[in-house]
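J.: Okay, handing you the structure first.
Readers should treat all values here as calculations from the given coordinates under stated rules, not as data from a laboratory. As the structure is a prediction and not an experimental result, all values here were calculated from the model. Backbone-built Cβ (ideal geometry, glycine too); neighbour counts: all protein chains shown.
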2 protein chains.
Amino acid sequence: MSQGESGIELDTSLGYMLKAAASALHSALEAVLKPLGMTITHYSCLELLAQRPGLSNSELARGTFVTRQSMNVLLQALERQGLVVRPAQAPVGRALPTELTDRGRSQLKVASAAVRRVEQNMLAGLDAGEQEQMRRLLTACIAALTEPPTPAT
Amino acid sequence: MSQGESGIELDTSLGYMLKAAASALHSALEAVLKPLGMTITHYSCLELLAQRPGLSNSELARGTFVTRQSMNVLLQALERQGLVVRPAQAPVGRALPTELTDRGRSQLKVASAAVRRVEQNMLAGLDAGEQEQMRRLLTACIAALTEPPTPAT
DNA sequence: GCCCGTATGTCAGACTTCTGACATGAGTCA
DNA sequence: TGACTCATGTCAGAAGTCTGACATACGGGC
């Protein structure tokens, strides 16, 4: 069980554990959203639009961690289903501000409740202090990965 | 900026932050592995085999968080490239124990070093205590998501 | 012994996301 | 004004992963 010290120790590697946690969350979300006829990206897009109405295709893509091409495909589907609307012409530049329809808002309401239950379940064993600590740690990781590779101080 | 209190607050949602962190890590890993001609799943498979030689297709799939069908496609490719080997016949049951070849080990060595650098960069701002705390928190989240949905105590 | 449930390996097709490419519009600067 | 850069929307094709299905092998209960 211990013959490869040159590699990364999977059982304690935070990178691996981060992937494991994200994967577990992904599966749990998929399980509750599937009965509602929604995918995770589908839900994420609606949730994002509810909190920040008028986001463009590219902005939605960044917020849901997919490419703008993928988001474009999804938005066209959501538009066909009457869940979101986009103006035929851009008011400024090329960006098309997207808005939720009543139908989109009502679908989101059900999904959002289900997602919130999953998140609360995930955090059931953590008190407020631990949750705040976790926010701190994740924020630090994101910043370190996003910012310049290795800024020599 | 604040008109939707019915949904999940994205800026503080640990579910969203978890996804953001995993996405940032994914991008960073992709960036260092691509020049080596490897994908993340490709690398994960090799790393897993280095630490636990003889894992079967299904076990590798679980360890890398993909389906066994996807892992099967990958394993066939790795076999063609001479990075892993599998016996033609199963020694017991149907499971085929997979092993790294010398070529696989040598490719992994380079990739593993690059991945370790990314992980260390991610954790650069965290001391040993904070890293241990993060392990605890992530483990708790995984357990809560994996175990029974909501066991009433 | 025999049936059944579970786990595995594998093939085939569909779906999702990605990469590559192109055109449009805004801003900067000479 | 004109050239350049950057961001955006969109189309087309490629790559990766998933779902569905089937055959095989082990183990338990009858």
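J.: In nm to one decimal, list the spacings between the A:Gly37 label point and its equivalents in the other copies, with label points set 7 Å along Cα to Cβ, shortest first.
T.: Label-point distances to the other copies, shortest first: 4.8 nm.
J.: Mind checking the dipole of the protein assembly as shown: about its Cα centre, +1 per Lys or Arg Cβ, -1 per Asp or Glu Cβ, Debye to the nearest 20? Display every interim value, and only then the final one.
T.: Details: 30 positive and 28 negative charges, 206 e Å.
Charge dipole of the protein assembly as shown: 980 debye, to the nearest 20.
J.: Under a GNM of chain B (C-alpha, springs under 10 Å), which listed residue has the highest mean-square fluctuation: B:Met122, B:Met38, B:Met134?
T.: The residue with the greatest mean-square fluctuation here is B:Met134.
J.: Can you give me the Cα centroid spacing of segment B:20-40 and segment A:104-151 in angstrom?
T.: The distance from the Cα centre of segment B:20-40 to that of segment A:104-151 comes to 21 Å.
J.: Please give the length that would be gained between A:Val73 and A:Glu99 if that part of the chain were fully extended, namely 0.36 nm times their separation in residues minus their C-alpha to C-alpha distance (nm, one decimal).
T.: On the way: separation 26, 0.36 × 26 = 9.36 nm, distance 1.63 nm.
Gain on stretching A:Val73 to A:Glu99: 7.7 nm.
J.: Something else about it: Just add up the charged neighbours of B:Arg136: K/R +1, D/E -1, any other residue whose Cβ is under 12 Å from the Cβ of B:Arg136.
T.: Working: positive: B:Arg135; negative: A:Glu130, B:Glu130, B:Glu132.
Combined, the nearby Lys, Arg, Asp and Glu give -2.
J.: Divide by every residue of chain B the summed helix terms, -39500 (n - 2.57) for each DSSP H run of at least 4, and state the resulting mean residue ellipticity at 222 nm, rounded to the nearest 500 deg cm²/dmol. Please list the in-between numbers first.
T.: Values: 6 runs with 93 residues, N = 153.
Taken over chain B, the calculation gives -20000 deg cm²/dmol.
J.: Among B:Lys109, B:Lys19, B:Lys34, which one shows the highest mean-square fluctuation when chain B is modelled as a Gaussian network with alpha-carbon springs under 10 Å?
T.: Between B:Lys109, B:Lys19, B:Lys34, it is B:Lys19 that shows the largest mean-square fluctuation.
J.: How far is helix A:14-33 tilted, in degrees, relative to the longest principal axis of the Cα atoms in chain A, given as a value from 0 to 90 rounded to the nearest 10?
T.: 40
J.: I need to check one value: relative contact order of segment B:15-146, counting alpha carbon pairs closer than 8 Å and at least 6 residues apart, in percent.
T.: On the way: 105 pairs, mean separation 30.6, N = 132.
RCO, segment B:15-146: 23 percent.
J.: Could you check which residue among A:Leu29, A:Leu55, A:Leu137 shows the biggest mean-square fluctuation in a GNM of chain A with a 10 Å Cα cutoff?
T.: In the Gaussian network model the winner is A:Leu137.
J.: Sticking with this one: Compute the angle between helix A:128-146 and the longest alpha-carbon principal axis of chain A, please, reported from 0 to 90 degrees and rounded to the nearest 10.
T.: 80
J.: Relative to the Cα centre, what is the charge dipole magnitude of segment A:35-146, using +1 at the beta carbon of each Lys and Arg, -1 at the beta carbon of each Asp and Glu, and rounding to the nearest 20 debye? Could the numbers behind the result be given before it?
T.: Values: 13 positive and 9 negative charges, 64 e Å.
Dipole magnitude for segment A:35-146 comes out near 300 debye.
J.: Which one, A:Gly82, B:Ala61, B:Asn121, is farthest towards the positive end of the dipole of the protein assembly as shown when Lys and Arg carry +1 and Asp and Glu -1 on their Cβ?
T.: After comparing all options, I get A:Gly82.
J.: For chains A and B related by rotation, which residue of A has the Cβ nearest the axis, and what is the rounded distance in Å?
T.: A:Ala22, 2
J.: Give me the distance in nm between label points sitting 7 Å out from Cα along the Cα-to-Cβ direction at A:Glu130 and B:Arg117, one decimal.
T.: It is 3.6 nm.
J.: Against the longest alpha carbon principal axis of chain B, how many degrees, from 0 to 90 and to the nearest 10, is the axis of helix B:68-80 turned?
T.: 40
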